Amino acid sequence: MHISDFDYSLPDELIARYPTEERRASRLLELSYTIRDRRFSELPELLRADDLLVFNNTKVIPARLHANKETGGRAEVLIERIEDEARAIAQVRASKSPTPGSRLIFDGGVQATVGGRHGEFFTLEFSAPVMPFLELHGEVPLPPYLGRPAESADEERYQTVYAEDPGAVAAPTAGLHFDEQMLQETLDMGVNHAWLTLHVGAGTFQALRHEDIAENRLHSERVQVDTDCCDAVRETRGRGGRVIAVGTTSVRALESAALGGEIEPFYGETDLFILPGYRFRTIDAMITNFHLPQSSLLMLVAAFAGTDRILAAYRHAVEKQYRFFSYGDSMFVAPEGTS
């Protein structure tokens with residue numbers, strides 16, 4: 001298959017630049033035995049007692065920084081991950097790439113020495129602990145396709161209400177639609193919750209480079225799927241309930257933990273690339289946002305739902321003027337012929 005097989009036409013005005021006023025006010029496209037237009041507030045109608053919702057509890061860090069180079073030029077720094085107290089891996093965007101040994105100068109007198117380069121990432125050695133500095137001076141790392149700087153409201157809205165473990169530089173966006181009331185409603189109806197962590201990296205926005213999709217390799221991301229989560233998945237399927245992943249990041253984490261055939265606790269890196277033809281081992285449905293054309297995330301959803309079926313749903317969403325991408329609307333996706 002080719003990247004062009006996963007293309008679709010999207011008017012620019014359907015890219016959601018801002019979230020809805022209330023989290024649950026977004027729309028929800030149901031893709032099961034039919035296509036049905038809903039509101040996210042109707043999600044409980046699609047759930048059953050003994051279903052299991054699996055959430056990614058990663059927390060977005062304020063990873064975007066502005067710096068001056070020693071030469072006087074400006075640079076934008078996007079922290080990819082914090083390696084230890086004063087060391088981070090980051091993208092550095094400037095008119096000219098920094099050289100090893102050069103320094104970046106930030107607000108508050110903090111400096112970072114540029115170390116080795118690994119592809120598009122640099123190692124940065126900071127003169128102060130990284131996380132406290134980010135909390136003081138960092139900005140919310142909004143996706144580039146929003147085309148606007150971060151605002152104070154994004155600090156709350158580009159974060160799930162259940163975010164707990166800092167480390168992501170992009171939000172697990174399917175979870176942005178859940179508010180505390182929705183979480184409680186699902187529990188009250190007998191739906192169970194399980195938690196895992198996948199720290200979403202900036203690579204989630206990178207375009208695939210090779211036309212033949214099988215020739216592409218994905219960025220790696222840090223994953224934690226603990227014993228409690230694995231037990232919940234096994235117990236749910238054992239009693240005939242459905243495992244419903246909230247977001248493609250939860251899908252990727254669960255499937256990474258089950259590459260041996262059965263789900264087992266998993267702590268480490270995953271570069272799992274899920275393409276059409278992949279055999280899913282852990283999930284029965286997923287909740288997801290609408291993804292960029294030709295993206296690996298769209299391919300993951302197509303692998304689960306069927307390429308023609310998912311592209312037909314996207315054409316329907318465009319026709320009905322759904323809002324797309326991180327701050328956009330959502331889908332409930334079940335295999336064809338199921339509900």
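The values are calculated or read from the model by the stated rules, or taken from the named source; none is laboratory data. Since the structure is predicted, the reported quantities are computational estimates derived from the model, not experimental observations. Note: ideal-geometry Cβ built from the backbone for every residue, glycine included; neighbour counts use all protein chains shown.
Here are some notes:
- Listed conditions (1) touching a strand residue (DSSP E or B) at 6+ places or on another chain (Cβ under 6 Å); (2) within 20 Å of Ala202 (Cβ to Cβ); (3) surrounded by 13 or more Cβ atoms within 10 Å (Cβ to Cβ); (4) modelled with pLDDT under 95 are all met by Lys69, apart from (2).
- Count - residues of segment 103-139 that are at pLDDT 95 or above, in contact with a strand residue (DSSP E or B) (Cβ under 7 Å, 6 or more places away or on another chain) and assigned to a loop (DSSP other than H, G, I, E, B): 4
- Residue tally, condition of a type in the set (Gly, Ala, Ser) and part of a strand (DSSP E or B), over segment 65-80: 2
- Of all residues in segment 198-216, those satisfying the criterion of being closer than 26 Å to Val60 by Cα, touching a residue at least 40 places away in the same chain (Cβ under 8 Å) and either among the hydroxyl-bearing types (Ser, Thr, Tyr) or assigned to a loop (DSSP other than H, G, I, E, B) (or both) are Val200, Gly201, Thr204, Ala207, Leu208.
- Within segment 217-324, strands (runs of 3 or more DSSP E) holding 1 or more residues that are surrounded by fewer than 17 Cβ atoms within 10 Å (Cβ to Cβ): 266-270
- Residues being among the aliphatic types (A, V, I, L, M) and either over 13 Å from the mean Cα position of the chain (by Cα) or outside the structural domain of Asp329 (by TED's automatic domain parsing) (or both) - total across segment 266-300: 7
- Qualifying residue in segment 113-121 (condition: within 30 Å of Gly261 (Cβ to Cβ) and either over 14 Å from the mean Cα position of the chain (by Cα) or of a type outside the set (Lys, Arg) (or both)): no
Residues checked against (1) of a type outside the set (A, V, I, L, M); (2) more than 26 Å from Ala312 (Cα to Cα); (3) free of Cβ contacts under 8 Å to residues at least 24 places away in the same chain:
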| site | (1), (2), (3) |
| --- | --- |
| Ser32 | yes, no, no |
| Pro44 | yes, no, no |
| Val54 | no, yes, no |
| Glu76 | yes, yes, yes |
| Arg87 | yes, yes, no |
| Val92 | no, yes, no |
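- Residue in segment 124-144 that is in contact with a Lys or Arg (Cβ under 8 Å, 6 or more places away or on another chain), under 22 Å from Leu218 (Cα atoms) and either of a type in the set (Phe, Trp, Tyr) or surrounded by 15 or more Cβ atoms within 10 Å (Cβ to Cβ) (or both) present: yes
- Checking each residue in segment 21-30 for being of a type in the set (A, V, I, L, M, F, W, C) and either touching a residue at least 40 places away in the same chain (Cβ under 8 Å) or touching a helix residue (DSSP H, G or I) at 6+ places or on another chain (Cβ under 6 Å) (or both) picks out Leu28, Leu29.
- Taking the criterion of being touching a Leu at 6+ places or on another chain (Cβ under 9 Å) and surrounded by 15 or more Cβ atoms within 10 Å (Cβ to Cβ), the residues of segment 100-109 that qualify are Leu104, Phe106.
- When segment 146-171 is filtered for residues that are assigned to a helix (DSSP H, G or I) and surrounded by 14 or more Cβ atoms within 10 Å (Cβ to Cβ), the ones remaining, listed by number, are Leu146, Asp154, Arg157.
- For segment 163-191, the set of residues classified as polar (S, T, N, Q) and over 20 Å from Met331 (Cα atoms) consists of Gln184 only.
- Subset of segment 190-212 that is touching a helix residue (DSSP H, G or I) at 6+ places or on another chain (Cβ under 6 Å) and over 15 Å from Thr249 (Cα atoms) - its residue that is modelled with the lowest pLDDT: Leu208
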